[in-house]
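Read the structure below first, then the notes.
Since every read-out is calculated from the coordinates, none of them should be taken as a lab result. All of these numbers come straight from a predicted model, not from anything done at the bench. We place every Cβ from the backbone using ideal geometry, glycine too, and count neighbours over all the protein chains shown.
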Amino acid sequence: MSIKLFDTTLRDGTQREGVSLTTEDKIRIARELDALGLHYIEAGFPASNPKDLDFFEGFDDSELRNARLVAFTRARRPNGRAEDDPAVTLLASLSAPVACIVAKGWRLHVEKVLRTTPEENLESVRDTVAYLAAAGKEVIFDAEHFFDGFRDDPEYSLALLRAAAGAGATTLVLCDTNGGTLPTELKAVVARTVRELPEVEIGIHTHNDGGCGVANALAAVEAGATHVQGTINGVGERCGNCDLITTIANLQLKMGVKVLEDERLRRLTEVSNYVSELMNLTPDTHRPYVGRSAFAHKGGLHVDGISKDPATYEHVAPELVGNVRRTPVGELSGKNSIRTKAEELGLDAGDVTDVLAAIKRREYEGYHYEAADASLALLIGRTTGEDRPLFELETFRIITEKRAGGETTTEATIKLSVKGERVISTAEGNGPVNALDRALRQAIGPHYPELKEIHLSNYKVRILDEHRATAATTRVLIDSTDGKRVWGAVGVDENIIEASWQALVDGLEYGVNGKRG
Ligand SMILES: [Zn+2]
């Protein structure tokens, strides 16, 4: 059996409350999903969201090696024509080779929300699918509210699918949009649909409102669905979508359905953490398979059992998904993963014992390296004695002044030595980090002309309170770019300025030394 994985983290996933991704974040996530080996990446609804349009216009999808890029839209408006509907024609003009079209699969919605007739709804689907298929797109059809509609009027739900298939859609996706269907009912409906429409691929799109997002996707596969939609970590509207990470692990390790190469399966933990970092969400440490606690053994009996045979308390081996077994006494080392990472960064970590110890110490302090390649590379370099700092700091000072009724201004003064020369520099900025960044660039810029091309592209702050009773710690993640690549750097301290400074310096040092090779 071959199953296609369709990721909608960048469209449905961004509907999660509190999540906002920049275009740059979306590009990085798309690359990561492609490297993981997913088959489709749905990256947005360009007709409804200007940021999504920016993504589709700015991202060259020919760089994707595994995935096909998907743009999403709705079927054309009732009583119109597809070729006159900008939400439809826009998709034809984009380079993304796949169009995903959504339409209502429930008469309640057709009549009450769209305020049109069931027949016109079918016509709108035929017209839209045919138009985009004629424009050369692979068309995937999402039947919204399919299971609620099926309960109400199965013949209409099937007629909608036939309309889409007849007009050229090659995959028909059954959506449990409200997320409340339970696996037994869902499985029966999928099985019947697969029997009725044997000539097309049937897909599944589930939400987690009943806590069954993943279970429903798996039930659908058992019933014959061959295309599974979901998001990384299950992010999405309300209670979220089907979690693709858990689904992939279950399909491959429990159901014997090979969806990814084994070495890619081992990247699941890393990808899950990476997406959490970019979404600025604290990763849930208890996520199935990939959470930090997923293979943590604390109880004495458990630890004893594990030491005799890991199968006593583990449903699968943690390495299969890139996770590690942890016990309170002496964490097991991840030497291989450090070696792999060092190679990936073009570094020689030598005997990785020291590097591993340094990383563990820092992780305990709150550092996270999943989205901070620059800081990790520098940490390896500093541990193996191969670092090349850009300058030596003497002091810096920041003054922020607020005048009653007026603006707040910030000024930073920095004293340092660069290549044997002592420099004092002062700059203003719209905040402390910006002022510090400017003063630093002004001081060392003449010695490093490459700095002109390096810009900060993202600044994220998280307060960490989970691991310390005393004071809250601040973690800052700064992304820098030279227009071609993006790299992340991390800083941690009780003082937000100090945390920002660490990330700022790492970001610049990595950028400059990277350019010099
Ligand atoms: Zn959805």
Determine the shape class of region 188-313: with a ≥ b ≥ c the square roots of the Cα gyration tensor eigenvalues, call it rounded for a/c under 1.5, and otherwise prolate if a/b is greater than b/c, oblate otherwise.
prolate
Exposed-loop cut sites defined as GluC sites (Glu not before Pro) in DSSP loop states with at most 16 other Cβ within 10 angstrom; longest site-free run of the chain spans 18-198
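Can you bin region 397-517 into rounded, prolate or oblate? Criterion: square roots of the alpha carbon gyration tensor eigenvalues sorted a ≥ b ≥ c, rounded for a/c under 1.5, prolate for a/b above b/c, oblate for the rest. Show your work: numbers first, answer last.
Values: a/c = 1.76, a/b = 1.17, b/c = 1.50.
Oblate, because a/c is 1.5 or more while a/b does not exceed b/c.
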Counting only backbone N atoms under 19 Å from a point 7 Å out along Cα-to-Cβ of Val324, the residues of region 257-290 in range are 265-275, 277, 283-290
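For the chain, what does the helix formula give at 222 nm: sum of -39500 (n - 2.57) over DSSP H segments with n ≥ 4, over the residue count, nearest 500 deg cm²/dmol?
Working: 18 runs with 200 residues, N = 517.
The per-residue figure over the chain is -11500 deg cm²/dmol.
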Helix 268-278 sits at what angle to the longest principal axis of the chain, using alpha carbons and giving 0 to 90 degrees rounded to 10?
70
Could you check the simple spin-label distance between His455 and Ser62, using points 7 Å along Cα→Cβ, in nm with one decimal?
2.5
State the antiparallel share, in %, of DSSP beta bridges confined to region 4-260, rounding to the nearest 5.
5
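Can you pull out the trypsin sites (Lys or Arg not before Pro) in region 162-251 whose DSSP state is coil and whose Cβ has at most 15 other Cβ atoms within 10 Å?
On the way: sites: Arg162, Lys187, Arg192, Arg195, Arg238; in loops: Arg238.
Sparse-neighbourhood loop trypsin sites (Lys or Arg not before Pro): Arg238.
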For Glu343 and His302, FRET efficiency with R0 = 25 Å and r from the beta-carbon atoms, rounded to 0.05?
0.15
Would you mind counting up the charge near Ala165? Only other residues with Cβ under 12 Å from its Cβ, with Lys and Arg at +1 and Asp and Glu at -1.
-1
Computed over region 4-260: relative contact order in percent, which uses C-alpha pairs under 8 Å that are six or more apart:
18
How tilted is helix 183-196 with respect to the longest principal axis of the chain? Cα atoms for both, answer in degrees (0 to 90, nearest 10).
60
PRE reach from Glu392 (point 7 Å along Cα→Cβ): which of region 403-425 fall under 18 Å by backbone N?
414-425
Report, to the nearest 10°, how far helix 432-444 tilts away from the longest principal axis of the Cα atoms in the chain, using its own Cα long axis and a range of 0 to 90°.
60
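In the neighborhood of Glu57, defined by Cβ-to-Cβ distances under 13 Å, what is the net charge if each Lys or Arg adds +1 and each Asp or Glu adds -1? Provide the component values of the computation, followed by the final result.
Values: positive: Lys26, Lys51; negative: Asp52, Asp54, Asp60, Asp61.
After counting each charged neighbour, the total is -2.
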Rounded to the nearest Å, what's the spacing between the alpha carbon centres of region 382-416 and region 110-160? Just the number, please.
58
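Estimate the FRET efficiency between Ala188 and Thr312 by the formula 1/(1 + (r/R0)^6), using the beta-carbon distance for r and 35 Å for R0, to the nearest 0.05. The partial results should precede the final answer.
Details: r = 37 Å, r/R0 = 1.07.
That gives a FRET efficiency of 0.40.
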Where the centroid of each part is defined by its Cα atoms, how far is region 488-516 from region 1-58 in Å?
28
DSSP beta bridges in the chain [antiparallel fraction, %, rounded to 5]
50
Loop-only check: which trypsin sites (Lys or Arg not before Pro) in region 65-135 are DSSP coil with at most 16 other Cβ within 10 angstrom?
Arg65, Arg81, Arg115
